Amino acid sequence: MYAYPRCLSACGEGRFFTFEAHYPLKVYLVGLRRCWRSIIERVSKSRILCIPNFSEGRNTETIHAVADAAASAGVRIHHCSWDYDHHRMVLAFSGTPAQVKRAVLHAGAVAVARIDLNCHRGAHPRIGAVDVVPFVPLEGLTREEAVAFSRQVAKSFARRLRVPVYLYEHSARE
């Protein structure tokens, strides 16, 4: 006699583990352990691109401090540019979800501490020191998983930095 308990949905559709009815717990736990191992392997191989925009384009010390804070999380920096007239900085980096989350939190902390919007003037509209933080799943994540990740990062960002966070596009809840 065999039973087929369904593994967690994160393992993907159609994955089942079999066990004999005489030893259900022991064999089921081995199957569950394999399931979690596959989830961890998949997430550790996942890559996310993040392109945060910061409301700073004139103070090069702050620009470099924000970029260095992101790099300290172990992400790969792809692009960093800033514009004096728009008073805006765009940074692009990628890494595992854990690295990207750390990079956003580190860079955001530096930006919130160093950028004063009370004396900020620029051609580009802004909503905060950290203006937008888009995430693009590159490898190993579905859009739904990337949306869940963005909500998790937003929640951590709001709690740690004590600033309001607004979600948009697919991450916004209706």
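The 3J(HN,Hα) values that the Karplus relation (6.51, -1.76, 1.60; θ = phi - 60°) gives for the range 154-159 are, in residue order, 4, 5, 5, 4, 5, 5 Hz. Gly and Pro appear as x.
Which part of the range 87-111 falls in the paramagnetic zone of Leu138, meaning amide N under 16 Å from the point 7 Å along Cα-to-beta-carbon? Inside the label zone: 91-104.
Computed over the range 106-174, relative contact order equals 26 percent, with contacts defined as Cα pairs under 8 Å that lie 6+ residues apart. Evaluating 6.51 cos²θ - 1.76 cosθ + 1.60 at θ = phi - 60° for every residue in the range 143-148, the Karplus couplings come out as 4, 4, 5, 5, 5, 4 Hz, glycine and proline recorded as x.
Using a simple spin-label model with pseudo-atoms 7 Å out from Cα toward Cβ, Ala65 and Ile127 lie 2.5 nm apart. Close amide H pairs (under 5 Å, H built 1.01 Å from N) link Leu138 with Arg47, Ile48, Leu49, residues at least 5 positions away or on another chain. For the pair Ala148 and Ile51, how long in nm is the line joining their label points, each one 7 Å along Cα→Cβ? Placing both labels 7 Å beyond Cα along the Cβ direction yields 2.6 nm. When each of the peptides 128-136, 104-112 is scored by the mean number of other C-beta atoms lying within 10 Å of its residues, the order from highest to lowest reads 104-112, 128-136.
With the convex hull drawn over the C-alpha atoms of the range 50-156, the volume per residue is 93 Å³. Of the peptides 93-103, 154-164, the order by per-residue mean of other Cβ atoms within 10 Å, starting with the highest, comes out as 93-103, 154-164. Computed from point charges on the beta carbon alone (+1 for Lys and Arg, -1 for Asp and Glu), the dipole magnitude for the range 66-174 about its Cα centre is near 420 Debye.
Read the figures in this text as sums done on the coordinates, not as results from a lab. What you see is a predicted model; the values in this text were computed from it and never measured. Methodologically, a virtual Cβ is constructed for each residue, glycine included, from the backbone with ideal geometry; neighbour enumeration extends over all protein chains shown.
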